[in-house]
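Here's the structure, in structure tokens; my notes come after.
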Amino acid sequence: MSSSPPLSPRRPLPPAPGRVTFALCALLLGLHALWVAFPQGDPVTRLWISSLIYIPTFIFAGLTCLWNARRHGDERAAWRILGAGLISFGVGQMLYAYLLLVRQDPPFPSVADIGFLLALALYAWGFLRFRHPPLTRWDTLRLGVDVAIIMAAVGVYAWQYVLWGVLQAYAGQPVAAVIGLTYPVGDLLLLSILLLISLRGGARPGPRETLLAAGLLALIVADQAFVVLGAAGTYQEGSWPDVFWALGATLFAAASFRPPQEHALFAPLAALHRAALFLPYVALAAAFALLIATHGAAGPAARGVLWGTLLVTALVVVRQVLAFVDNARLTAQLRQLSGELEGRVQRRTAELNRANAALRELTDDLERKVRERTAELEASQARLAHQAQHDVLTGLPNRALFQDRLERGIATAVRERRKVAVMFIDLDGFKAVNDTLGHAAGDELLREVAARLQDSVRRNDTVARLGGDEFTVMLLGIHSAQDAALVAAKILDRLRQPIPLEGAQAHVTGSVGVSLYPDDGADALDLQRFADLAMYRAKQGGKNNVTFYAPEMNAAGTARSSMEVGLRGALERGELQVVYQPLHDLAGQVRGAEALLRWHSAALGHVSPATFIPVAEDTGLIIPIGTFVLNEACRQLAAWREAGRPIERISVNVSPAQFVRDDFVDVVRRALQSWRLQGRDLELELTERTIIRDVEGVSRRMAELRAMGVRLSIDDFGTGNSALNYLMTLPVTTLKVDRTFVQALEDSPGAYRIVQAIVALGHALGLDVVAEGVETPAQLLQVRDLGVERTQGFLLGRPGPPEDLNWQGAPESPLDEEPTQR
Ligand code: C2E
Ligand code: CA
Ligand code: CA
């Protein structure tokens with residue numbers, strides 16, 4: 001045990017020597033009490049025992065404090081001093097016993113008093129060495145005044161009942177009087193120190209303080225009794241004050257086992273602690289009580305009480321002044337603090353305001369940028385929309401725009417009770433020009449024809465190019481077939497004029513077919529079909545002429561109804577089949593496949609989907625057929641996966657009629673589930689026709705499908721009616737550039753710009769872009785160059801039965817290899 005172990009709750013047992021000495025000390029106390037209660041033996045023995053018995057009690061108590069001091073850290077010194085005080089008292093008593101028992105002559109004062117007085121001084125010193133929480137100057141001052149008030153009040157009582165008596169008893173013996181007074185005054189001093197300790201700011205007296213206070217009280221009681229009895233000459237060895245001395249020493253020793261404030265405050269002591277606040281007033285009241293009680297008495301004793309009470313009163317006044325000053329000081333501090341706080345709040349507010357302004361500026365900036373971007377997007381959208389609705393070569397409206405204008409024209413005609421004429425014009429002899437003079441000449445010729453056609457009609461009429469050498473014209477506001485005939489004749493005349501081309505003159509004529517609203521048909525589609533039929537007749541009738549539609553020409557209607565009949569049982573008869581065309585990524589790897597429907601009709605032979613799908617849509621047959629395709633495609637994907645083919649997903653075409661149905665999402669979910677596929681394995685191809693019908697329902701279903709992971713592609717992008725505005729809001733994932741743009745890439749810079757714009761638009765919206773209809777290596781190079789994600793077309797793989805799909809992928813550089821099939 002060389003070093004002192006740190007005080008910690010894990011080591012509750014004090015060092016053994018301390019426990020042993022304490023046990024002896026407590027045992028002696030018990031025996032002492034018994035002895036005083038039941039004295040035995042003859043007077044001499046009694047005198048010996050009662051003079052000696054508490055010497056070891058003090059020595060053991062002192063040793064206990066000394067031993068335990070090691071465990072008290074920075075309060076070690078305090079406990080050593082207290083221990084020394086106890087031992088000093090023991091030594092004093094030893095000297096006193098020697099004088100009394102051996103010399104039979106105990107003088108007062110004697111050398112023994114040195115030990116006793118030294119003990120008092122050491123106690124006081126020890127108490128002051130206990131750890132104090134830091135006190136401000138003000139706290140110390142107020143505490144000092146409080147203690148002074150209490151001590152003064154106690155002093156008044158001590159004066160009245162003890163001090164005055166002592167002074168009188170030792171009259172004429174100055175040394176004895178001083179020493180006799182030193183005991184009670186010293187006790188008062190000790191009491192005040194203890195009060196200091198227990199009243200000190202914020203401290204919560206614990207068991208240790210309680211034990212010390214009790215010990216000190218016992219010592220004081222014994223001292224006072226000894227002084228009073230001694231002064232009166234009635235003090236007896238072996239009487240009860242001796243037990244109180246021993247008790248005080250034992251309680252000190254017991255306190256040395258307790259660390260300061262180890263436990264919560266004892267309830268009674270806590271109350272006392274709170275009451276300490278009122279203690280000065282209680283003291284004042286007590287002093288006055290004594291003053292009143294001794295009222296009327298004269299002499300130095302009564303005067304002492306009067307002066308003492310005045311002192312207490314003066315001190316209370318000082319205390320009030322101090323409290324007042326302190327309050328004023330605190331108020332000033334508070335005011336200063338709140339001023340500072342207010343300043344801080346103001347500074348923070350200013351900072352926040354600045355930050356706000358900066359934020360607003362940023363937001364404005366952002367808003368401006370968004371506006372600019374939106375304007376740019378709108379401009380490019382408008383450009384794109386124009387390009388999407390016009391023929392690249394001639395700048396004339398294309399089929400879609402023509403159809404649109406025709407519908408509006410018909411609507412106007414209904415209101416104005418006028419007629420509308422639709423003309424189909426096919427050039428005669430154009431192929432010859434193309435073959436002999438080349439494509440460039442052919443293009444120039446087409447542009448000239450376009451110009452002449454536009455010259456031949458009025459401004460609000462429409463001339464459109466359908467493709468190749470086919471044009472259409474819509475005449476508005478005419479009254480009779482005669483009006484149309486005149487314009488047709490004018491057109492034929494203008495076309496007949498030779499067309500000067502580079503180094504040559506070309507001669508072409510036109511065959512014109514005309515249909516009339518409302519005479520021949522009521523809707524735009526019929527009118528176009530009938531004009532087409534009439535044009536066909538015109539060609540058959542020797543070209544360069546005009547033919548008006550007549551109902552007997554309508555053989556197509558019959559063809560259509562026979563197709564309807566054939567299509568009805570096609571599914572059941574197993575005439576429908578799904579073929580697959582691969583989609584490649586930029587590295588030329590097969591990534592997906594598009595499911596395309598084929599119909600081998602027993603009655604009609606092979607029918608193109610472009611022909612029978614519209615019929616299926618009109619008759620509602622597209623619903624079971626579409627579900628069949630969806631299931632087949634899922635089954636095929638599952639089979640490919642089973643065979644270890646690295647295919648990402650399958651694409652399936654969906655008609656508007658399918659997509660607008662409420663159960664469509666369920667149909668898709670069931671198809672995926674029955675082949676254990678995930679949503680992301682499927683891509684649905686929709687056209688702009690789908691989107692412009694029932695935007696709300698379509699957008700809801702799209703969202704549901706996207707939530708399942710299904711991808712959504714806009715097919716034939718750029719040919720439909722402008723659905724660009726919906727692109728921004730609908731959860732589309734892919735754009736499929738229509739093949740007419742891809743195929744025009746090589747000879748039309750306009751097409752190049754359109755594809756470029758579509759790719760840019762798609763990427764700006766975060767969409768994948770697919771180029772379809774890639775037929776030549778040059779087209780493949782160009783679309784790859786433009787940055788599309790996937791490619792599809794005859795060059796890379798034709799639609800075919802699943803087992804024919806070429807998994808090897810396409811050559812990395814398409815120019816290395818001749819396309820296998822053209
Ligand atoms: P689409 O969805 O645009 O399909 C692509 C069409 O382009 C297919 O014609 C395909 O054979 C053809 N194609 C692919 N590569 C090239 C190429 O390099 N050059 C050229 N000139 N054409 C190429 P297909 O199979 O005749 O289908 C025509 C249209 O019929 C499809 O156009 C689609 O709109 C519709 N369709 C086909 N199957 C289905 C189906 O199962 N459901 C629905 N609703 N529509 C279908
Ligand atoms: Ca498609
Ligand atoms: Ca397409």
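The values are calculated or read from the model by the stated rules, or taken from the named source; none is laboratory data. Keep in mind that what you see is a predicted model, and the values were worked out from it rather than measured. Heads up, the Cβs are rebuilt from the backbone with ideal geometry, glycines too, and the neighbour counts pull from every protein chain shown. For the accessible areas, the whole protein counts, side chains as well, though only heavy atoms, and no ligand, DNA or RNA atoms are used. Shrake-Rupley method; radii C 1.70, N 1.55, O 1.52, S 1.80 Å.
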Requested in this report: Only residues that are open to solvent by 90 Å² or more (accessible area, probe 1.4 Å) and under 17 Å from Ser651 (Cβ atoms): list them for the stretch 676-703, please.
Outcome: Gln678, Arg680
Query raised in the report: Glu594: among the acidic types (Asp, Glu) and within 16 Å of ligand 3 (Cβ to nearest atom), yes or no?
Result: yes
Query raised in the report: Within the stretch 481-491, is even one residue buried (at least 18 other Cβ atoms within 10 Å of the Cβ) and either within 60 Å of the chain's Cα centre (by Cα) or at pLDDT below 90 (or both)?
Result: no
Query raised in the report: So how many residues does the stretch 172-202 have that are farther than 20 Å from Ala225 by Cβ, at pLDDT 80 or above and either open to solvent by less than 60 Å² (accessible area, probe 1.4 Å) or not in a helix (DSSP H, G or I) (or both)?
Result: 2
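Which of the helices (runs of 4 or more DSSP H) contained wholly in the stretch 606-694 include at least 1 residues that are away from ligand 3 (no atom under 16 Å from the Cβ)?
Hits in the stretch 606-694: 609-619, 622-642, 656-659, 664-674.
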Query raised in the report: Of everything in the stretch 703-730 that's modelled with pLDDT of 95 or more and outside any strand (DSSP E or B), which residue is farthest from ligand 3 (Cβ to nearest atom)?
Result: Ala707
Query raised in the report: Quick one: which of Leu781, Leu767 is surrounded by fewer than 18 Cβ atoms within 10 Å (Cβ to Cβ) and more than 15 Å from ligand 2 (Cβ to nearest atom)?
Result: Leu781
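Scan the stretch 702-716 and give yes if some residue there is within 14 Å of ligand 2 (Cβ to nearest atom), within 44 Å of the chain's Cα centre (by Cα) and basic (Lys, Arg), otherwise no. Explain how you work it out, then say what you get.
Taking the stretch 702-716 as the starting set, the residues that turn out to be within 14 Å of ligand 2 (Cβ to nearest atom) are 711-716.
The next check asks that each one be within 44 Å of the chain's Cα centre (by Cα); those that pass are 711-716.
Remaining after also requiring basic (Lys, Arg): 711.
The answer is yes, given that some residue of the stretch 702-716 is within 14 Å of ligand 2 (Cβ to nearest atom), within 44 Å of the chain's Cα centre (by Cα) and basic (Lys, Arg).
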Query raised in the report: Which of the residues spanning the stretch 606-618 are away from ligand 2 (no atom under 16 Å from the Cβ) and open to solvent by less than 40 Å² (accessible area, probe 1.4 Å)?
Result: Val607, Val615
Report summary line: For the stretch 109-143 the number of residues that are acidic (Asp, Glu) and modelled with pLDDT of 85 or more is 1
Report task. Evaluate the following for Arg131: is it out of contact with any Asp or Glu (no Cβ under 7 Å at 6 or more places or on another chain) and open to solvent by 70 Å² or more (accessible area, probe 1.4 Å)? Result -> no
Report summary line: Only one of Gly797, Gly793 is open to solvent by 10 Å² or more (accessible area, probe 1.4 Å), near ligand 1 (Cβ under 9 Å from one of its atoms), outside any helix (DSSP H, G or I) and touching a strand residue (DSSP E or B) at 6+ places or on another chain (Cβ under 9 Å), namely Gly797
